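Here is the structure we will look at.
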Amino acid sequence: MGKDGFLTPKAIANRIKAKGLQKLRWYCQMCEKQCRDENGFKCHCASEAHQRQMALFAENPHRFLEDYSRQFLEDFLKLISRRYNTQRVNGNLVYQEYISDRNHLHMNATRWSSLTQFLQYLGREGICEVDETEKGWFIKWIDRSPETLARQEAIRAKERSERSDADREQKMLEEQIEKAKTAGKAAEAQYTELQRETQEDKIKLDLNLKTGFQKPLLKKAEPKKMNALAMASKMSAETSKGSSSGAISSTPTLGKRMSEVERLIEEERHKKQRLLSTFKR
């Protein structure tokens, strides 16, 4: 019976099956060949090409195992760092996305026999934060790249600088408060109880006020403006007052003048008497 043609339904179905994902247990990592069923996998294992690859693996199995494990770890971490970064995610969800690539490296070729063992290894090595819940194992990638570490260090340095500035301002504020309290205590008057040691001592009270009161400034009264009638009445009053005082003061002057006249009259009378007496002789 001849082989099915390229466009026959059976050939098209075989190509569609070949494009899809097959069972992992029917995949040979050494030969990188995917078998469709158990019979095909047995036939492949009995083939001469597979036997040659297994002979190479038998010469140094540790090297092949470590290379596959390292490549699987790098691919898995590359996926989680690009897809989820530092978010907490279910480990099985990441693994399903990883194996969705047909050409991925299979876990059965690594040193980890199960996904749980692989996730526990990530937690022990400090690559991811791993915790087990009722919904399965959850992982969170820890970014330790040089760029991220430098960025985190810059953020911490900025926080330390801001914290030191805030502490310095707080310290200066506390010092100013202490100075204000000290100045207030020095200026505050201290009142003590009146006490005397013996009954003979006298209690002295100092009532001198240290703080003087300023005298209020007195404004000079401005002279009031007077009208013409008021000024005339004031001048007449001053004139009458001056005349009365002149009359009172002229009385002793008049008496003095009268005494001088009397003296002159007396002298004239004496002169006449002397002349008369002279003529009589």
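Observations on the structure shown:
- Lone qualifier among 7, 21 - being in a loop (DSSP other than H, G, I, E, B), at pLDDT below 90 and touching a helix residue (DSSP H, G or I) at 6+ places or on another chain (Cβ under 8 Å): 21
- Among (1) at pLDDT below 75; (2) surrounded by 11 or more Cβ atoms within 10 Å (Cβ to Cβ) - the single one residue 43 does not satisfy: (1)
- Scope the stretch 135-187; condition within 30 Å of residue 75 (Cβ to Cβ) and of a type in the set (Gly, Ala, Ser); matching residues: 136, 145, 150
- Criterion violated by residue 122 - all others in (1) outside any helix (DSSP H, G or I); (2) at pLDDT 80 or above; (3) of a type outside the set (Phe, Trp, Tyr) satisfied: (1)
Matching residues to (1) farther than 15 Å from residue 28 by Cβ; (2) of a type in the set (D, E, K, R); (3) in contact with a helix residue (DSSP H, G or I) (Cβ under 6 Å, 6 or more places away or on another chain):
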position: 44; (1), (2), (3): no, no, yes
position: 55; (1), (2), (3): no, no, no
position: 82; (1), (2), (3): yes, yes, no
position: 86; (1), (2), (3): yes, no, no
position: 101; (1), (2), (3): yes, yes, no
position: 110; (1), (2), (3): no, no, yes
position: 114; (1), (2), (3): yes, no, no
position: 131; (1), (2), (3): yes, yes, no
position: 141; (1), (2), (3): yes, no, yes
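- Counted residues, the stretch 51-98 - those being polar (S, T, N, Q), touching a residue at least 12 places away in the same chain (Cβ under 8 Å) and out of contact with any strand residue (DSSP E or B) (no Cβ under 9 Å at 6 or more places or on another chain): 2
- Selection of the stretch 74-88 for residues being surrounded by fewer than 16 Cβ atoms within 10 Å (Cβ to Cβ) and not charged (D, E, K, R) yields 77, 81, 85, 86, 87.
- The residue that is surrounded by the fewest Cβ atoms within 10 Å (Cβ to Cβ), among those in the stretch 129-161 that are of a type in the set (A, V, I, L, M, F, W, C) and touching a strand residue (DSSP E or B) at 6+ places or on another chain (Cβ under 7 Å), is 142.
The values are calculated or read from the model by the stated rules, or taken from the named source; none is laboratory data. Given the structure is predicted, the values throughout are model-derived calculations rather than measurements. Neighbour counts run over all protein chains shown; Cβ positions are idealised from the backbone, glycine included.
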